[in-house]
Every structure is written in C-alpha cells, then in structure tokens.
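Data block below; observations after.
We did not get these values from a lab; they are worked out from the coordinates using the rules stated. Only a predicted model underlies this, so the values are computations on that prediction, with no experimental measurement involved. No Cβ is skipped: glycine too gets one built from the backbone with ideal geometry, and neighbour counts run over all protein chains shown.
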Amino acid sequence: MEKYPLKKAGTAVPQHSPSYQSVDKKYTNGNRATFVATPDEDMIDITTSGGGERTTRLGEDEDGTSHYSVSFGGMQENVDIPGIGQYDDFHTIDWQRDIARDRMRHRHIIKKKQDSLWNLIEGAHDAWSGWLCVLLVGLCTGMVAGGIDIGASWMTDLKFGICPQAFWLNREQCCWSSNETSFDSGNCSQWLTWPEMLGQSREGAGAYIISYLFYIVLALLFAALSASLVRMFAPYACGSGIPEIKTILSGFIIRGYLGKWTLIIKCVGLILSVSAGLSLGKEGPMVHIACAIGNILSYLFPKYGRNEAKKREILSASAAAGVSVAFGAPIGGVLFSLEEVSYYFPLKTLWRSFFCALIAAFILRSINPFGNEHSVLFYVEYNKPWIFFELIPFIGLGIIGGIIATIFIKANLYWCRYRKYSKLGQYPVTEVLVVTVLTAIIAYPNPYTRMNTSQLIYLLFSQCGISNSDDLCDYNRNFTNVNSAIEIAAAGPGVHKAIWLLILALILKLIMTIFTFGMKVPCGLFIPSLCLGAIVGRIVGIGMEQLAYTYSKNWLFSGECSTGDDCITPGLYAMVGAAAVLGGVTRMTVSLVVIMFELTGGVRYIVPLMAAAMASKWVGDALGRQGIYDAHIALNGYPFLDSKDEFQHTSLAADVMQPKRNETLSVITQDSMSVDDIEALLKETEHNGYPVVVSRESQYLVGFVLRRDLNLAIANAKRMADGICGQSIVLFTSGNPPQTLGPPPLKLKKILDMAPITITDQTPMETVVDMFRKLGLRQTLVTHNGRLLGVITKKDVLRHIKQMDNEDPNSVLFN
Amino acid sequence: MREIITFIAISCALFALTQAQSYDDKRCKCICPSISSVTNSTETSHMARIMYITNVPPKQCNCDGVILPRIGRELQGKEQEFCPRCECKHENRNTGIIKVVVIIVIWVISILVIYMAFLIILDPLLNKRIKGSYQEHTNEDDEASTAGPMYHNMSLRGNVLNRVGHQQDKWKKQVKEQRRNIYDRHTMLN
C-alpha cells in the first residue's frame, strides 16, 4: 500500500495548483481572473490599509485564482508537510474541509486517468475501493461475530460441565447425536456436569452444592479475566461503545478507540463477560467491534484511512454490519445505522451499508454458529394470526415497556453518576467481581436466570409445542384431538410456578442490569432489555390466554377462539414486550420493528410491533427526555450535537461567539507577523485555530488557519528550508513581500483555509446550530460590517445549548 | 504478535482438519408424545415424550421417514393420529469450525493472560528505564511520519528488537493515558 499518495501526487504536479474546476481547463485562467478581481476591487474602495499590497499580489498571481479553491488545492497537491489534514486526539473534524479535500483528490485522479494505463488502473482502484473496503469489513465482521458466538456459547456451558469426548462442544452440541428418549434439561450421558466429573452423582444435595460452587467460581474467574484484560490492555474496550460510536460518527476523534488492541480485547472480553453470566449481552458491543474492523481496514485504502470524513462513511456501513450480525437482521442493521448511530448518511453510504450488512449476515449465516440455520439463538418462526382486539394488550405492553425502560434509564444513570463522582470509581475490578458474585449467587437457584439470557429469550419467544418440555408449557392438554396439534388449555401447576419464577427473574434482571451496564467490562444492553420485555410480555400473554380460555364464549373471543383453537400466542406477546422495552430504552422505532420482524420472519406482526414501539417511545419521552445512549453521551459530556433536537432559543450569534466583551480576539495578520510572533501567540493562547486578517486595524478576513497545521508547517520549515529563523515574516499571501531585506519569508498560504464559513453577528443561533449540524462545521467566523468580530466553535455551541437548558456548561468534554 | 497468533491459528486449523470427525454434522431430530397417548392404554403422563435422532436426508426428515419404520408396528394402525403430533427438524452444524474457533479462543486468552502476567511481574524488573513525560498520542501513521527521519536512523542502527521495544513503549504510553482517562479522571466511558 502506498503510504503518501498525496505527496507523490504533489511531486508529479509542481506549482500549478488546481482549483475545484481544474479538470475544466478553460475556467482556470482568463474568465476566472475577472471574476475574482471584482470583490477585491470593492475592498480597495473601502479600505486604505493593506489594499495596496493586495492589488500587487493580485497582479503577481500566476493564474489569478485567489479564490477559495486554491487553499484546498494547495493543501492537496503542494504540501509535503506530513500530518496536515489530520486531527489531534479529542478534536472535532471539519467535514467541509475533509470532503473538499477528497473532491480535490478525486478530480486529480480523474484528470490523470488519460495519462497512462497505470493511472487508469489507479483510477479504477480508487473508484471501487469503497465497495472493496465494505466487502472486507463485512467478511471480517461476519467471521469475528461467528467466533464470538461460538466461543461465548461454549464458555457459558463450561460453567455447568464439560464434554469430555470433545471439549470444544457446548452442551447442546455435545448431545447432538445422542438418542436418549428422556431429555430432562438437555443433559445426556456424553455431557458431564462438574459433580459427575468429580465422581459424584448427577442428582442430590451434594451435587447441587458442587454445581453451585463451580458456577460461582467459574463466573468469578471469567469476570476477573475480562475486567483485568480490559484494564491491562485496552481500557477503551469497556462498555457498550454505542454512545462513543455515535459521537465519533458525528465527527469527533478518539484515538485508539477503534484500534487493534481495542478490537482484540473487546472480542475476548465480550466472550468472557457473557460467559460469566453477568446480565449483559454481546449485541451492542458488536457495533463497536464492527466499527473497529472498519477503521482498521480503512487504513488499507488511503482514500478512507487518511480522510476522517470519508472514513465515517465506512464506519457507518460497519455499524450496520455490526447490528446485522448481532441480530441476523441486515435491513434492521442498515436502518439502525441510519436512525440511531449515523450523523452524515448520504445515499451512497446507504447502499454501501446495505451491501456490508448483507455480506456480514451471509458470512455469519454460513458459519451457522448455533446450529439452527440462523444467526441468532432466539430466532423463532411464527405464522399465527392475531386478533384485532389484541392491539389493546399490545399497546398496554408498550406502555409497561416504556415505564420499565424509564426506570432502568434513570436508575442506571444515577448509578453511573454515583460511580463517576464517588470513591466507587476507584475500584473498577473489585466492582466487577462483587457484581459477578452477587449475580451468580442469586441467579443460580432460579432456572430462568441460571440459563443463558439468549436461551431464556428463545424460550419465552417460542410457542408451546410438543418439543417444549419446560414448566412454561405445562398445560392440561390431552392429545386426543387429531385436527389440532395444540389447542388452548388451562394452565397447569407448572405454568403457575414458572410465572412466579419469571417475576423473580424480572426483578433480578432489572436490578442487576442497572448495576451491570457501565461496569468496566464489555457489556451491551440489547439482550437484557429484550429479556426484561420478553418476561413481561410472556406473563401478560399467559394471562390473556387464560382469559380467552375461561371466557371463550365472551363476544371478544368468540369469533376466533370458539373452536378451541389456540387463538392467543403468549410467545407473540413476549416478542412485542421485548420490542417495547428495547424501544423504550434506546428510543429506536423503525429499525427496532424491522429487527424484530427479521428475527421472527413474520411480516404480519409489523402492526403489533409498531404499536408497541410507538407507545413505548411516547411513554418514555414523556417520562424522561433521553434514551440511554443520549443520556450516557450527556453524562460523559461528549461533544455530540444531536440532529434530532431542536434549538428553540432566541439568542444571536453575537451572544455565543468568542471572545466575549473586554477580551481581544487573537488573529494572525496575513503578511506582517514574524515566526517568533506566531510562536508566541501559539504559546500564549490555546485556541485550535486562528483567523487570518489583512491587518489588525482593518480586521478584514482572509482565511482561517489551524493551530496544528501552523505548528507542523513551522516545524517543517525550520527543519527543511534554509534561512528560516525567528525574524522571518510569515506570509499568507502568494506574492513577495515589498521589502527584500532580512531573512527569507515563510510562505504558508498552502495551509490557509481561504473559504471559512462566515456569518454575521446578528444571525440567530437557530440558524447557526443548523449550520453546525447540517454542514458538520468545526467553527464559523462571525463578522460585523465585513470586519472579523469573533469565532464560534462547536464547543461554544454545545456550551450555549447546555447553558440554555440550565445544565452545567463545563461538563462538555475536551475541544 | 499478530504473526504468532496467525501461525497458531493456522496450525490449529490444520490440526483440526486432520482429526477424524467423531461427531455427525447432520441430524434429523423428531420428538413425539409417548405411544400410549394414541393407543388408549392407561394414560401415563402428559410430559412423556420420545425423541428420535437419525441421519437421513432432509426430505425424509418427517414422521413417515423416521418414526414409522421404527415403531409403526406398535401404533396399531393409528399412524394418522400419531404423526401430526410429532415435530421433526433437520439440523446442520459444522464441528470443524466450532473446534477451530474454541481452540483459537483458548489460545488467545492464554497468550493474553501470559503477556499480562509478564507485563505485571517481569516487565518492571527488566525495564527500569525512566519513561518520559506523556505526549498526547496521535495517529499511528502520522506519528511515524513526523518522527520519520529520526526513527529511520534508529532502526538502521538498532535491530528489530529495538523497533519492537519502541512500538511497545508507544503502545504502553497510549494505554496508560487511556487508563488515566477512564479509571482516574472518569472523563470517558462512565
């Protein structure tokens, strides 16, 4: 792979800096000069200072394109200063600038296409590299997800026993070909539980205690490993990662968050923490894993690896692939990326996401990690009709889901804030261990919490058939009627027992998840919230079913249920409930419904799911403003400008801009400051960029230069160019300075952004916020009567919004 | 590090492929209620079930193909009643992939644990160099390029070990900073 394609390109095209229109040659020279000259001459009329130089400069310009395009063009083609166009850690990217850079690069490639065959091939490679990159991302994501699924299911069963003939098989796989007629709780003679390994019997009090102990000890071991690996190698691997991914996709740099070590540790830690039986899922972190894969692979393609805005296109596609493999729902993944995580989502990215999700789902499906021909453990296939009347309980489930979700969000936020500000935060590993021990001790006695959460969800979703021997299906059925295999029946004692256990499981899961989400291990919350909802839904469903059985002659049920058919399916209620809680927690709507119906393969349940998701979102929005991810973004103070919120205040740009009154704006003049002056300015102030003006007196704006670029350019010039010393004048113009005495000037026009977005000081903040959101600005310059007045950065906007909402404006993180 | 892992993965895969498959990868699983439910004999239990697992082609994975050849005689002509209650499912799996994946997982975890133990116990003893103050870590390529000439010289003079050591130090610094952000200052990922 070529490391510095831009540099090479720069040597190939010396001097002639192409503009945006450089492909079209007739634009560059004659026509252009007059066009540009007009505003310049206007300026001469107004000002007397600096005007003279500008006219001379204009005369000396080779092509007269002192238009903004030069700055980007120059940045691309002429600069051999390494690192220009990159960003520092915890900085916000400038979408406009990056996209313009890419456009320049693209034009350059198109222009060179005719030159030689090699250039033609290079152009072709450039054109398809986006698709190739998402293809690779899809392949890798599918494989990694398959590995995590297999590893986690094996290690989860390791807590219960082992398959001595083939240790790599989990319990179900171990009993795969066993032909034993009794199948109590899935055990078979090949699978040995730990007491059996120690020579005890399978049943009995002693065996129970040994199993219990093994369960706790192994859970503790896995959790300790997970927490210490995260702490040792990649602290960024902890948590679910979706709030951070959202922030990164909105244009923030967190170096190392999507790196190699984070990827490895997140995968391994995820397997370990899921197997530890903690109340967490592996679906949310899949998004982070997929994005890390996308980031690593994008370095193979300089077009994406070296341009942060373009890289986010790949990351959006990767996020789609992550959800696609997490739920086996490719379309749901694309919509999730669109609705929940992505910020900048052009149609091109939509198609790439679609392709990426497709490939990832296909790969995972061919790995077949669960042996059920699907990519998730809890895939169920439903084809039962639902009665129109059932919409009422479905909406009721939506309301319950919204309430549970709000309780969860509030409690979890409270706990996370407590962890952040109290001494608890100093003992991350101890906290994980304590939570694990408590979870294991409480979870083991209850069979519904003892089993893997995905299995529990599967159990709750599935229909009671002949193959389901759980207590949950203990109905007083007789098998004499030939026509219907399963008919509606009275609940047996097993169902009553199961309901009590499920209620206990619900309470336990809710409380444990509150304490678990946010611990310093990889943990997601899709699965726990799906599980909470499924439990509630199943209980409501059983209740409805029994109502229909008892009052089958009632007018409500008489239409469908009179024949003795199983007209009400508790599994469907479980599904709707799961969607409701997940929808309440994450505030997803469209993507959630699509994910759920892809999980069940039944298009006819879209309406119930939509009703529940909507009801849950309304209740959630009424009780608490934010979804869990937005709440965590706010807790951490990430600079995330939510494009869904509206800015409703009446402030003006002048109120928000820096500097405030009585402060001076640090500016750089275009041709009168020396290197020493600029270095002193850089030392005194901490701004990330400086406006360049014609002169301090006039304050007419020339452009904007970034601190990082200035630093790099000065350091580079001192190292490379002869004669540059402290007294050298720094020139942001393209002509020569009037005086020729003294050391040679340092020409920095190429790092100058000559097209900064400007607004006037009377612009309403509503417009400014909209510009920041829609254009992805990093900063905008405020002018008054054409003179530079101040700067508004993204951080200022975020602070202002916080201030307006009566929150602490200092909680916004970093730059 | 990565080369080692790749090598191990490949060797494990080869090892796995050479092993004979002791488990079938296809099955047809049928679950039926006990025969007594149709033969009108004394009702034993609702929960009693029979399970049949055979290896037949997917098309034959149904009551006629699996159940009747075995117990057709006992049913005494009540096949029409018995069969609708049976659930047959054809399933596939790939034990080879499972084996390779689980072995890789075990390997990766053990390597990481060993490396962690090394970093905790041995490294402080071996490595007593005083670390310079932290510089904010930047893009990987970027850092390599800004430190380009100097770094190049060093790698010419030094050997591979030196370069690995340099990379390791850089990585350690990054992790240290991440740890500071998350565990000490609690500015991120709360």
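Provide a whole-number value for the mean count of partner chain Cβ atoms within 10 Å of the Cβ atoms in peptide B:170-178.
Whole-number average of other-chain Cβ neighbours for B:170-178 is 4.
Sorting the Cα pairs of region A:237-309 by distance into bins of 5 Å, from 0 upward, gives 3, 16, 26, 24, 15, 8, 4, 2, 0 percent per bin.
Under the classification rounded if a/c is under 1.5, otherwise prolate if a/b is larger than b/c and oblate if not, where does region A:338-426 fall, given a ≥ b ≥ c as square roots of the Cα gyration tensor eigenvalues? Oblate is the answer for region A:338-426, as a/c is 1.5 or above yet b/c matches or exceeds a/b. With the simple spin-label model, which puts each label point 7 Å out from Cα in the Cβ direction, the A:Leu438 to A:Thr767 separation comes to 5.4 nm.
For region A:609-755, the fraction of C-alpha pairs farther apart than 22 angstrom is 57 percent. A convex hull fitted around the alpha carbon atoms of region A:140-367 yields 131 Å³ per residue. What does the C-alpha gyration tensor say about the overall shape of region A:251-383? Classify as rounded when a/c is under 1.5, otherwise prolate if a/b is larger than b/c, or oblate. Taking the square roots of the gyration eigenvalues as a ≥ b ≥ c, region A:251-383 is oblate.
Residues of B:85-93, mean number of Cβ from any other protein chain within 10 Å of their own Cβ, rounded to a whole number?
If you average over the peptide's residues, the count of other-chain Cβ atoms is 4.
Here's how it looks for A:Leu652: its modeled amide H is under 5 Å from those of A:Met765, which are all 5 or more places away or on a different chain.
Working from label points 7 Å from Cα in the Cα-to-Cβ sense, the A:Asp642 to A:Gln426 distance is 3.4 nm.
Rounded if a/c is under 1.5, else prolate if a/b beats b/c, else oblate: with a ≥ b ≥ c from the C-alpha gyration tensor eigenvalues square-rooted, which is region A:690-730? Cα axes put region A:690-730 in the oblate bin. Taking the fewest neighbouring Cβ atoms within 10 Å as the starting point, the ordered list for A:His288, A:His784 is A:His784, A:His288. Here is the tail figure for region A:511-662: Cα pairs spaced more than 27 Å apart come to 42 percent of all pairs. Among A:608-617, A:451-460, A:690-699, sorting by the average number of other beta carbon atoms lying within 10 angstrom of each residue, highest first, gives A:608-617, A:451-460, A:690-699.
Ranked by Cβ crowding within 10 angstrom, fewest neighbours first, how are A:Lys644, A:Lys747 ordered?
Working: A:Lys644 8, A:Lys747 20.
Going from sparsest to densest Cβ surroundings: A:Lys644, A:Lys747.
3J(HN,Hα) couplings calculated from phi for region A:771-782 with the Karplus curve 6.51 cos²θ - 1.76 cosθ + 1.60 (θ = phi - 60°) are, in sequence order, 5, 4, 6, 7, 8, x, 6, 9, 7, 9, 9, 9 Hz; Gly and Pro show x.
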